[in-house]
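Any read-out appearing in this document is the output of simple, stated calculations on the displayed coordinates, not a laboratory observation. Nothing here was measured: the structure is a model prediction, and the numbers come from that model. Here the Cβ is made from the backbone with ideal geometry for all residues, glycine too, and neighbour counts use every protein chain on show.
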Amino acid sequence: MTDLLQRFSSDAVPGHPNVTPRDAATLILLDCSGRSPKVLMGKRHHGHVFLPGKFVFPGGSVDPADRLMHPAGALDPRAQKKLMLQVRRPSVVKARALALAAVRETFEETGLLLGSKRDEAPAAPAGPWSAFAEAKVQPDLSSMHFIARAITPPRRARRYDTRFFTADISAIAHKIGGKVGPDAELVELVWVPLDGIKKEIELLAITEIVLQDLQKQIDAGFSHDLPVPFYRVMHGKRLREML
């Protein structure tokens, strides 16, 4: 873990201004139907300025519309409480928006809509959430787990305060094609065994760290009561705190 934390905190851009991290969220989809859990990862387009060609989880910045979408099921109160720790102006709305951002970004990058099927279209703000209304899918946060948080170290061109969530593939209610391909943000999707992922693809340090944490949480029973690791760098010191 020490070597991974060193990699996570390295490669600062000399002289680069210390920009404020943007709130972001990502989702690790889990397939636990086999002997070893598998996770869904996507390969980013080589033309992207940020992390070109890297394998990542679907995710991105929180959008104002994420505060306006109402889920069918709420986050577990224990996860909600942890999401509101060590943040400016904590609120239930902000915690919910972080989880909803992970669901929305997963749809935008993979075409997978997570939630519950409805007889009628749920109310949805304009933009990407309208696809949920058209498919009569309402996002459901009740089965999501909050498993990690990481802030991009200082002196980077882009900085994010990212919350990592997980959800089982049983949460997938609908799929829309055409979101993945040679001209899309993700050029391919792969399901990779959690216990052998390093043998198959090269991972970013923080990705490897979070996957190790995920495996530990699964081994410990995957309860919302388990502490959530929070990674950041302050005054040159690498920190791993528990929420």
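Among 87-95, 21-29, the peptide with the highest mean count of other Cβ atoms within 10 Å heads the list, and the full ranking is 21-29, 87-95.
In terms of other Cβ atoms within 10 Å, Glu120, Glu105 run from fewest to most in the order Glu120, Glu105.
Under 14 Å from the Cα of Lys136, which aspartates and glutamates turn up, not counting those fewer than eight places away in the same chain? By straight Cα distance, Lys136 reaches Asp119, Glu120.
Taking the DSSP beta bridges with both ends in the chain, the antiparallel portion is around 75 percent.
The range 211-243 and the range 112-168 have Cα centres spaced 21 Å apart. Helical content of the chain, expressed as a calculated mean residue ellipticity at 222 nm, amounts to -7000 deg cm²/dmol (DSSP H runs of 4 or more residues, -39,500 (n - 2.57) each, divided by residue number, nearest 500). From the coordinates of this entry, log10 I(q)/I(0) by the Debye sum over Cα atoms at q = 0.08, 0.10, 0.17, 0.18 Å⁻¹ is computed, and it appears in [x] -0.29, -0.46, -1.43, -1.61; [y] -0.41, -0.62, -1.16, -1.20; [z] -0.36, -0.54, -1.18, -1.27 under the label [x].
Basic side chains Lys and Arg get +1 at the Cβ, acidic Asp and Glu get -1 at the Cβ, and with that the dipole of the chain about its Cα centre reaches some 860 debye. Considering only His70, Leu113, Leu239, and ranking their Cα positions along the charge dipole of the range 2-242 that arises from unit charges at the beta-carbon of Lys, Arg, Asp and Glu, the one farthest toward the positive end is Leu239.
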